[in-house]
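Q: Take a look at this one; I'll ask things after.
The values are calculated or read from the model by the stated rules, or taken from the named source; none is laboratory data. Predicted model only: the values in this text are computed from it and were never measured. Note that we place each Cβ from the backbone using ideal geometry, even for glycine, and neighbour counts take in every protein chain shown. Accessible surface areas use protein heavy atoms only, side chains included; no ligands, DNA or RNA. Shrake-Rupley method; radii C 1.70, N 1.55, O 1.52, S 1.80 Å.
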Amino acid sequence: MKYLVMVQGSQIDYDAMNGKASEHSPAWNEKDMQAMFAFMGEINNDLAESGELVDANGLAAPSQTRFVSADKDGKPVITDGPYGETKELAAGYWVLDCASLDRVTEIAARVARCPQPEGAPVYPVVIRPIPAGPGADA
C-alpha cells in the first residue's frame with residue numbers, strides 16, 4: 001500500500017529557518033539546520049535501502065504558493081503568496097510503499113523526532129493512504 005507522509009510548516013517557520021525569530025519560533029542557526037538535514041537524510045537513506053521510498057521532497061516556502069479556485073462563472077481566481085492569514089501548509093512529503101499502516105506509522109513517529117531548536121512549533125506528521133486506483137475507496 002502506498003502512503004503520503006507530510007510534514008507541515010508556516011511562513012513563520014520558513015523565516016525562522018532563515019534566521020528570523022518571531023514570537024512563535026526561535027531563529028534557527030547553521031547547526032540546527034545541519035542537524036535537521038542530517039536527520040532527514042538518514043531517514044531517506046534508510047527508506048531507499050528498505051525499498052519503501054517512492055519519492056520525497058521538501059517544498060518551497062508558503063510565500064511562493066499559488067492558490068487557484070473558480071469564481072461563480074467557472075473562471076479561475078489566482079492568488080499568489082504571501083499569505084499572512086494562512087497557517088501551516090505542507091512543508092515536505094514522502095510517498096512510501098509500506099507493508100502496513102503500522103509500518104508507515106512507525107516511520108512517521110521517527111520523522112516526528114526531527115531535531116529542532118527549543119521553542120520551535122511542533123506539528124503532527126500527517127499520513128494519508130493513496131488508494132490503489134481510480135475510484136478506489138479507503
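Q: With the other protein chains left in place, how much accessible area per residue, in square angstrom, belongs to segment 85-128 at a 1.4 angstrom probe? Numbers along the way, then the final one.
A: Numbers: 2620 Å² over 44 residues.
Ligands and nucleic acids excluded, the figure is 60 Å² per residue.
Q: Here's a follow-up. Please give me the summed charge of the neighbours of Y14: other residues whose Cβ is under 11 Å from its Cβ, Lys and Arg +1, Asp and Glu -1.
A: Values: positive: K20; negative: D13, D15, E88.
Residues close to Y14 contribute a combined charge of -2.
Q: Once ligands and nucleic acids are excluded and a 1.4 Å probe is used, how much of F37 is accessible, expressed in Å² to the nearest 10?
A: Around 130 Å² of this residue is reachable by solvent.
Q: Work out the charge dipole of segment 1-132 with +1 on the Cβ of Lys and Arg and -1 on the Cβ of Asp and Glu about the Cα centre, then indicate which of A27, L59, A38 is farthest towards its positive end.
A: So the residue we want is L59.
Q: Using 10 Å bins from zero, what percent of all Cα-Cα pairs in the chain falls into each bin?
A: All Cα pairs, binned at 10 Å, distribute as 11, 35, 31, 19, 5, 0 percent.
Q: For a Förster distance of 22 Å, can you work out the FRET efficiency between the beta-carbons of Y123 and Q34, rounded to the nearest 0.05? Each step should come with its number before you reach the end.
A: Numbers: r = 21 Å, r/R0 = 0.95.
The computed FRET efficiency comes out at 0.55.
Q: In terms of the Cα gyration tensor, with a ≥ b ≥ c the square roots of its eigenvalues, is segment 83-134 rounded because a/c is under 1.5, prolate because a/b exceeds b/c, or oblate?
A: oblate
Q: Based solely on its DSSP helices, what 222 nm [θ] is calculated for the chain when runs of n ≥ 4 H residues each add -39,500 (n - 2.57) and the sum is averaged over all residues, nearest 500 deg cm²/dmol?
A: The per-residue figure over the chain is -9000 deg cm²/dmol.
Q: A further question follows. Would you be so kind as to identify which of I107, Y123, G133 lies farthest towards the positive end of the dipole of the chain, taking Lys and Arg as +1 and Asp and Glu as -1 on Cβ and the Cα centre as origin?
A: G133
Q: Something else now. What's the tally of Lys pairs in the chain whose alpha-carbon atoms lie under 29 angstrom apart, where the two lysines are 8 or more places apart or on different chains? Show your work: numbers first, answer last.
A: Working: K2/K87; K20/K31; K20/K87; K31/K87; K72/K87; K75/K87.
The number of close lysine pairs in the chain is 6.
Q: Taking springs between alpha-carbon atoms closer than 10 angstrom, which of I107, I78, I12 fluctuates most in the Gaussian network model of the chain?
A: Maximum among the listed residues: I78.
Q: Here's something else I'd like to know. Counting Lys and Arg as +1 and Asp and Glu as -1, each charge on the Cβ, what is the dipole of the chain about the Cα centre in debye, to the nearest 20?
A: Numbers: 11 positive and 20 negative charges, 47 e Å.
Here the size comes out at about 220 debye.
Q: In whole percent, and with a 1.4 Å probe on the protein chains, what portion of the accessible area of the chain is carbon and sulfur?
A: Working: 4710 of 8940 Å².
That fraction is 53 percent.
Q: Running Debye on segment 1-66 with equal point scatterers at the Cα sites and no solvent, what base-10 log of I(q)/I(0) appears at q = 0.12, 0.13 Å⁻¹?
A: Reported log10 I(q)/I(0), two decimals: -0.41, -0.48.
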